[in-house]
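Step one of this worksheet: look at the structure below.
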Ligand code: ADP
């Protein structure tokens, strides 16, 4: 009872704070505008979903930051998250792949020719960008060589619980920032012998694919192991992947590996549409020289490859300190940095329109 009272007091306080933020264009505050779609104050967390009337409100990110700052100041011990949604409810893809407990509409694989190009970072940030667009998102971390999603989402050490419902066993995914996450990292230790990673990893992956209680998802992003190989073919055989996104850095060697990745998906026995290539670490801009771009790994290699091979180019992400820090802190930068969010949102919009078009 006391806890319920406390929650009501907190919610009133939150509304009072949000009522002090005025939309510069309409001159109306967030409460009067009816922008508060959802408000929750459970488990030391304050979550607010703001739905803006316009599909692309230029003030949305600024207002989100203002709201987060005010709430963090008012509730210093709480984790604060303000999610922005824009326009009417986002169109939801029809569920296609049925799981034990619901349906997953679209499965998107994120792949790379080699390790270290930022595939996992891109997966986590794309997941947040899709969530910000109003989609229900899950992440399946199938990177058996370096599962890093638990760290990216701040849920390292999570032990998936297994439950039996109607005679079937399910495993419960972790949940962080409204994203459901299942990772092979919850089952293997980094020190486990490499040998373990072949057959046993594949059987663990199969279990994760078929038994995770995802519920209903609009998008499941699968973070694949780098490269191409038997493990990939096993995953592709189990998951009905709707589209693949390939991450590369601009280096020529990285781009050469992309070729094999694209060929794997395009192979006639696999036949998965490649939605496009994302060039990560495209350039570096130091904070003190915001106009300068240093092309540390060469310039535009992935874009050129994409253009020459009839693969769409989805966008480029520069090297940004906040992206690296976001991964370290368990909070992908798309959830905290407006300029990073903008880049990822543009890429996510392209991917959504492609996979929705493909039916
Ligand atoms: P992969 O999954 O391809 O092995 P990761 O996503 O683990 O690569 O990224 C490798 C390292 O590079 C991580 O430390 C990550 O934080 C960092 N990183 C990735 N992309 C960026 C970026 N755009 N800016 C800054 N650091 C990045």
### Task
Taking the chain as the reference, fit the longest principal axis to its C-alpha atoms, fit the long axis of helix 119-132 to the helix C-alpha atoms, and give the angle between the two in degrees, 0 to 90, nearest 10.
40 degrees
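Antiparallel DSSP bridges in the chain: what percent, to the nearest 5? Walk me through the numbers before you get to the answer.
Working: 15 of 55 bridges.
Roughly 25 percent of the DSSP beta bridges within the chain come out antiparallel.
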## Note on the structure
Between the Cα axis of helix 60-74 and the main Cα principal axis of the chain, the angle (0 to 90°, nearest 10) is 60 degrees
### Query
Given springs between every Cα pair under 10 Å in a Gaussian network model of the chain, which of 201, 74, 142 has the largest fluctuation?
74
### Query
By how many degrees, between 0 and 90 and to the nearest 10, does the Cα long axis of helix 199-211 differ from the longest principal axis of the chain?
40 degrees
### Message
Explain nothing, just the number: relative contact order of the chain, from Cα pairs under 8 Å at least 6 residues apart, as a whole percent.
### Response
17 percent
### Task
Specify the residue with the greatest mean-square fluctuation among 176, 335, 78, computed from a Gaussian network of the chain linking alpha-carbon atoms under 10 Å apart.
78
### Task
For the chain, report the translational diffusion coefficient in µm²/s to the nearest whole number, using Stokes-Einstein at 4 °C, 1.567 mPa s, and a Kirkwood Rh over Cα pairs.
61 µm²/s
### Task
For segment 269-318, list log₁₀ I(q)/I(0) at each q in 0.17, 0.23 Å⁻¹, using the Debye formula over Cα point scatterers of equal strength and ignoring solvent, two decimals each.
-0.58, -0.84
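Listed highest first by mean packing, meaning other Cβ atoms within 10 Å per residue, what order do 229-239, 259-269 come in? The partial results should precede the final answer.
Numbers: 229-239: 17.0, 259-269: 15.4.
Result, highest mean Cβ count within 10 Å first: 229-239, 259-269.
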### Query
For residue 69 and residue 9, what does the FRET efficiency come to when R0 = 30 Å and r is the distance between their Cβ atoms, rounded to the nearest 0.05?
0.90
### Summary
When the chain is treated as a Gaussian network with springs between alpha carbons less than 10 Å apart, the largest mean-square fluctuation among 115, 77, 326 is found at 77
### Query
Which value in nm describes the separation of the simple spin-label points at residue 55 and residue 159, placed 7 Å from the Cα toward the beta carbon?
4.9 nm
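Each reported figure results from applying straightforward, stated rules to the coordinates on display, with no laboratory input. What you see is a predicted model; the values in this text were computed from it and never measured. Cβ atoms come from the backbone with ideal geometry, glycine included; neighbour counts cover every protein chain shown.
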